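Colleague: This is the structure I have questions about; it appears just below.
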Amino acid sequence: MFVEVITQTEKTIKLDNVDLISFLGFNDSNLKLIEERFSANITVRGDTVYLQGVQEEVEALEKILKEMIFVLNTSGKLQPNDVSTIIDLTLQGKEIISDNEYDNIVLYSKKEVIKAKTPNQVKYWQSVKNNDICFAIGPAGTGKTYLAVAFAIAALKKGIVKRIILARPAVEAGESLGFLPGDLREKIDPYLRPLFDALQDMLPSEQLRSYIEKGVIEIVPLAYMRGRTLNNAYVILDEAQNATQMQMKMFLTRLGPNSKSIITGDITQVDLPSLSQSGLIQVRDVLKDVDGVAFVYFDKNDVVRHKLVKDIIDAYEKHFNGNSKKNSE
């Protein structure tokens, strides 16, 4: 006698940064549509959905719920007919967004879905999730800073941290800070502007202003970090190639309990008097074997700016490599 064995399975899905009323629908209408089509048990408790049933159904439901989250966060709404379409497409083996794409989503911003796009960016995202300190090193335009800010905002929205601190060394790229007009704040602002730009892309203006006024988000010169202990915080050091060795040590030792840190930089663009002074160059040897610290390296293949940026980086590499060969001959 043949007995068919039906495999039962369970899944848990977190509804991070999801408007539950819109997601479930008026009087749970969206949820009821799903329950009418599937026999698996669906339980919603707070911001968590528990699935229990036949493996095939549970896997289909997981995909449906993820696609509902994607549609809601990208369009701002989720109607019953949207849910019906998602169910039909899933049962036909079609998808709005693949599992890999969904797993690589970092943040739903006011303008776009921010996600890791290149293999090194995916490695960056995974390294940040699995380590308390992550160094992102590579050329301009590879998304190091932009993604770091997105990681921090996502953690803030999920309640993982309570504040974000963004720091940059105030080192001139061939210009004298002392000769710039204005007071200290006005002199420093140009160095911090790229961090403001990233924040403005990801947060509504009023919310960003409120966060800054309340100290939830701080954007400060690196020198202002001395003497602080940063608890429950996401701490980012940008343009770290211009931090001296002592500044790098000072920054890394600010980290308190339940905090994470990302350090980004390009070791080919050091504006300090000599390369040997760069804390980012030194720290690669100092911390390479420390657990909880990760290093991710980017190259021209990770450039996500204008297509010419990759060509410019390539041209400079060829130029300097050519000069190096001539000097060695």
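Colleague: Can you give me the relative contact order of the range 1-131 as a percent, contacts being Cα pairs under 8 Å and 6 or more apart?
Modeller: 21 percent
Colleague: Filter LYS14/LYS157; LYS214/LYS260; LYS77/LYS129; LYS66/LYS214 down to the pairs with a C-alpha to C-alpha distance above 24 Å, please.
Modeller: The pairs that break the limit, which is 24 Å between Cα atoms, are LYS77/LYS129; LYS66/LYS214.
Colleague: One quarter of the convex hull surface, Cα atoms only: what value does that give for the range 192-284 in nm²?
Modeller: 6.6 nm²
Colleague: As an exercise, find the ratio Rg/Rh for the range 47-133 from alpha-carbon atoms, using the Kirkwood inverse-distance average for Rh.
Modeller: That ratio is 1.01, to two decimals.
Colleague: What percent does the relative contact order of the range 69-138 come to when contacts are Cα pairs within less than 8 Å and at least six residues apart?
Modeller: 20 percent
Colleague: Okay, moving on. Report the label-to-label distance for GLU35 and SER84 in nanometres (one decimal), using points 7 Å from each Cα along the Cα→Cβ vector.
Modeller: 1.9 nm
Colleague: Students sometimes get this wrong: rank LEU252, LEU208 by accessible area, probe 1.4 Å, all chains present, largest first.
Modeller: LEU252, LEU208
Colleague: Of THR145, VAL106, GLY93, which is farthest on the positive side of the dipole of the range 81-146, counting Cα position, with +1 on Lys and Arg Cβ, -1 on Asp and Glu Cβ, and the Cα centre as origin?
Modeller: THR145
Colleague: Ordering GLU213, GLU101 by how much accessible area each has at a 1.4 Å probe, largest first, what is the list?
Modeller: Ranking GLU213, GLU101 by accessible area, largest first, yields GLU213, GLU101.
Colleague: Using 7 Å Cα-to-Cβ label points, what is the ASP285/TYR297 separation (nm, one decimal)?
Modeller: Placing both labels 7 Å along Cα→Cβ, they lie 1.6 nm apart.
Colleague: Within 14 Å, Cβ to Cβ, of ASP238, how many net charges do the neighbouring residues add up to if Lys/Arg are +1 and Asp/Glu are -1?
Modeller: -2
Colleague: Another question, if that's okay. Can you give the relative contact order of the range 234-275 as a percent, counting alpha carbon pairs under 8 Å and 6+ residues apart?
Modeller: 60 percent
Colleague: Using the beta-carbon distance between VAL54 and GLN269 and R0 = 45 Å, what value does 1/(1 + (r/R0)^6) give for FRET efficiency, to the nearest 0.05?
Modeller: After rounding, the FRET efficiency stands at 0.20.
Colleague: For ASP16, ASP266, ASP289, give me the order by solvent-accessible area with a 1.4 Å probe, most accessible first, ignoring ligands, DNA and RNA.
Modeller: So the residues, ranked largest to smallest area, are ASP289, ASP16, ASP266.
Colleague: If you find the alpha carbon centre of the range 70-133 and of the range 42-62, how far apart are they in angstrom?
Modeller: Cα centroid to Cα centroid, the span is 18 Å.
Colleague: Continuing with the same structure: Seen from all sides and averaged, what is the projected area of the convex hull of the Cα atoms in the range 12-69, in nm²?
Modeller: Taking a quarter of the hull surface, the average projection is 3.5 nm².
Colleague: Any idea what the dipole of the range 220-271 comes to, in debye rounded to 20, about its Cα centre with Lys/Arg Cβ at +1 and Asp/Glu Cβ at -1?
Modeller: So the magnitude is around 360 debye.
Colleague: Ranked highest first by the average count of other Cβ atoms within 10 Å around their residues, in what order do 140-147, 109-116 fall?
Modeller: The most tightly packed comes first, giving 140-147, 109-116.
The values are calculated or read from the model by the stated rules, or taken from the named source; none is laboratory data. Since this is a predicted model, take the numbers as computed values, not measurements. Cβ atoms come from the backbone with ideal geometry, glycine included; neighbour counts cover every protein chain shown. In case anyone asks, the SASA skips ligands and DNA or RNA and just uses the protein heavy atoms, side chains included. Shrake-Rupley method; radii C 1.70, N 1.55, O 1.52, S 1.80 Å.
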